[in-house]
Amino acid sequence: MVMYYDPVCKDVLTPDQVKANFTHKETSYKFCCEDCRDKFSQDPEKYVGRNWWQRFIYRLAESNAEEFKGEKLSCH
Ligand SMILES: [Zn+2]
């Protein structure tokens, strides 16, 4: 299962809970709502990479995304 981490409200999101995207320094962040996205876009550094848990979740999301791509390719 692909999971995303909302860095503003610190919630873990499934893909259908993602309501907004924002790209900062070539990393794409997902948010549960546009309010979170707006807060993030005003001051991304405040929310990015300050603790191990965030880095862990991002790494997890990235490796899940790669696995997911592989599954899709071998689907048919
Ligand atoms: Zn949020």
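Filter segment 4-19 down to the residues that are near the ligand (Cβ under 8 Å from one of its atoms) and more than 17 Å from residue 59 (Cα to Cα), then identify the one that is surrounded by the fewest Cβ atoms within 10 Å (Cβ to Cβ).
That would be 9.
Report yes if residue 22 is modelled with pLDDT of 95 or more, away from the ligand (no atom under 11 Å from the Cβ), surrounded by 15 or more Cβ atoms within 10 Å (Cβ to Cβ) and more than 14 Å from residue 60 (Cα to Cα), otherwise no.
Here the answer is yes, as residue 22 does meet what is asked.
Would you pick out the residues in segment 2-20 that are touching a residue at least 12 places away in the same chain (Cβ under 8 Å) and either among the polar types (S, T, N, Q) or in a loop (DSSP other than H, G, I, E, B) (or both)? Spell out the reasoning first.
Here is the first cut: in segment 2-20, the ones touching a residue at least 12 places away in the same chain (Cβ under 8 Å) are 2-9, 11-15, 17-20.
Result: 2, 3, 7, 8, 9, 14, 17, 18, 19.
Considering (1) more than 14 Å from the ligand (Cβ to nearest atom); (2) at pLDDT 95 or above; (3) charged (D, E, K, R), say which one residue 43 fails and leave the rest.
Every condition holds for residue 43 apart from (2).
The values are calculated or read from the model by the stated rules, or taken from the named source; none is laboratory data. On a predicted model such as this, the values are computed, not experimentally measured, just so you know. Counting neighbours? That spans all protein chains shown, and the Cβs are built from the backbone with ideal geometry, glycine included.
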